[in-house]
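Asks: I am attaching a structure below and will ask some questions about it afterwards.
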Amino acid sequence: MIKLLFVVMLVAALAFGADDGCTDTSIGITPNGSGSDAVTLTVVNDWTLANKALGLDVFEGSTVYILAADNESMHIQAYTTSGTPSATLDLTAANAACFGVAWNDDLTTDAYYTDDWSDTVLYYTEDFGTTWTTAANPAGSSARGMACDGADYWTTNGDGGGLWRFQPGVGAENIAISEPPTQPSGVAVFPYGGNLGVAVTTYNTHNIYFYEWDGSTMSYLGSAACPGSVSASYGLAYSSSNGHMYWSYKDGSSIYHISELSFTITALERSSWGSIKTSF
């Protein structure tokens, strides 16, 4: 009986992983955690989507777009800040298990990086998907959500825990975080108290965990429970245009959503992007 139960759980985990890259053996909907007093999340908007939305990023130009990976449709879908689907960026055929996307935060020479849960490289394009090239992925196939702070890229380490901070082809640093109890999925970066704020989601524990990175040390600030009915928590991104987070998730009816969240961290005030300086 125990052996049979293990097989059933393993099959369920593998089926779930084939859908969204989750290798966590936690089965079923995990109740939202209580979070901490230091962080408050408020839902500003919530949109029901027709398609999958995994790792998120935000494109900040004359128009702001939320970017969401959809490996079933094989593209990155751009949404307006009112939740309306807009342009798409086609993925290369080899990137069929795409989870994360990160824009390089450069309007002059824009580039887009993606990862893949069945491949050990990053894919990137500098001509909006006409051609794709690969680069080494410090997290290998364990990378999930991605973000760029204007200088460095960040990704979660889906199997081994923690985060990677890196510049493709230059250098990489693994940064341990111990608070998330299950597999990390999304990551977002934002200006915070003269340093860099980092927020992390996990597939099956439905809190958002907040940290401060001062260039050498990662300090835990607190967490907040994800709002609503959540089956799986995916992407996370920050918009400097309004100071809000965008979070993607799947509800108990297997419907995908993107929520716009305002957030408050009681310890320090957020600062401008100009105060953030990181280098290898």
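Asks: Would you pick out the residues in segment 188-219 that are more than 12 Å from the chain's Cα centre (by Cα) and small (Gly, Ala, Ser)?
Replies: Answer for segment 188-219, where residues must be more than 12 Å from the chain's Cα centre (by Cα) and small (Gly, Ala, Ser): Gly193, Gly194, Gly197, Gly215, Ser216, Ser219.
Asks: Please find, within segment 59-82, the residue that is least open to solvent (accessible area, probe 1.4 Å) out of those that are among the charged types (D, E, K, R) and part of a strand (DSSP E or B).
Replies: Filtering first and then ranking leaves Asp70.
Asks: Still on this structure: How many of the residues making up segment 123-146 are within 15 Å of the chain's Cα centre (by Cα) and part of a strand (DSSP E or B)?
Replies: Counting residues in segment 123-146 that are within 15 Å of the chain's Cα centre (by Cα) and part of a strand (DSSP E or B) gives 4.
Asks: If you don't mind, there's one more thing I want to ask. For residues that are surrounded by fewer than 24 Cβ atoms within 10 Å (Cβ to Cβ) and either among the small types (Gly, Ala, Ser) or over 16 Å from the mean Cα position of the chain (by Cα) (or both), tally how many sit in segment 176-187.
Replies: Going through segment 176-187 one residue at a time, the tally reaches 4.
Asks: For the list (1) assigned to a loop (DSSP other than H, G, I, E, B); (2) of a type outside the set (Val, Ile, Thr); (3) touching a Lys or Arg at 6+ places or on another chain (Cβ under 8 Å), I need the number of the one condition that Tyr234 fails.
Replies: Here Tyr234 meets the rest and fails (1).
Asks: Here's something else I'd like to know. Would you mind stating whether Thr217 is open to solvent by 10 Å² or more (accessible area, probe 1.4 Å) and modelled with pLDDT under 95?
Replies: No, not satisfied.
Asks: Looking at Thr134, Thr125, Thr130, Thr155, which one is on the phi < 0 side of the Ramachandran plot, polar (S, T, N, Q), modelled with pLDDT of 95 or more and surrounded by 21 or more Cβ atoms within 10 Å (Cβ to Cβ)?
Replies: Thr155
Asks: Restricting to segment 96-122, and then to whatever is polar (S, T, N, Q) and more than 16 Å from Leu56 (Cα to Cα), can you tell me which residue is surrounded by the fewest Cβ atoms within 10 Å (Cβ to Cβ)?
Replies: The qualifying residue surrounded by the fewest Cβ atoms within 10 Å (Cβ to Cβ) is Thr108.
Asks: May I ask you to list pairs of residues, at least six apart or on different chains, whose Cβ atoms are under 6 Å apart, with the first in segment 150-178 being touching a residue at least 12 places away in the same chain (Cβ under 8 Å) and the second being acidic (Asp, Glu) and buried (at least 16 other Cβ atoms within 10 Å of the Cβ)?
Replies: Correct list of pairs: Gly150/Asp105; Arg165/Asp152; Gln167/Asp152.
Asks: Additional query: Quick check: anything in segment 31-48 on the phi > 0 side of the Ramachandran plot, modelled with pLDDT of 95 or more and not in a strand (DSSP E or B)?
Replies: No.
Asks: Another one. How about segment 158-175: which of its residues are open to solvent by less than 10 Å² (accessible area, probe 1.4 Å) and at positive phi?
Replies: Of everything in segment 158-175, just one residue is open to solvent by less than 10 Å² (accessible area, probe 1.4 Å) and at positive phi, namely Gly162.
Asks: Taking segment 188-206, which residues are of a type outside the set (Gly, Ala, Ser) and either open to solvent by 10 Å² or more (accessible area, probe 1.4 Å) or within 14 Å of Gly243 (Cα to Cα) (or both)?
Replies: Correct list: Val189, Phe190, Pro191, Tyr192, Asn195, Leu196, Val198, Thr205.
Asks: Moving on to the next point. Looking at (1) open to solvent by less than 50 Å² (accessible area, probe 1.4 Å); (2) among the acidic types (Asp, Glu); (3) more than 19 Å from Thr217 (Cα to Cα), which one does Asp149 not meet, given that it meets all the others?
Replies: (3)
Asks: Just name the residue that is most open to solvent (accessible area, probe 1.4 Å) out of those in segment 240-269 that are within 17 Å of Gly194 (Cα to Cα) and of a type outside the set (A, V, I, L, M).
Replies: Going through the qualifying residues, I end up with Glu269.
The values are calculated or read from the model by the stated rules, or taken from the named source; none is laboratory data. Keep in mind that what you see is a predicted model, and the values were worked out from it rather than measured. Reconstructed Cβ throughout: ideal geometry from the backbone, glycine too, with neighbour counts over all protein chains shown. Accessible surface is based on the protein model in full, side chains and every heavy atom, while ligands, DNA and RNA are left aside. Shrake-Rupley method; radii C 1.70, N 1.55, O 1.52, S 1.80 Å.
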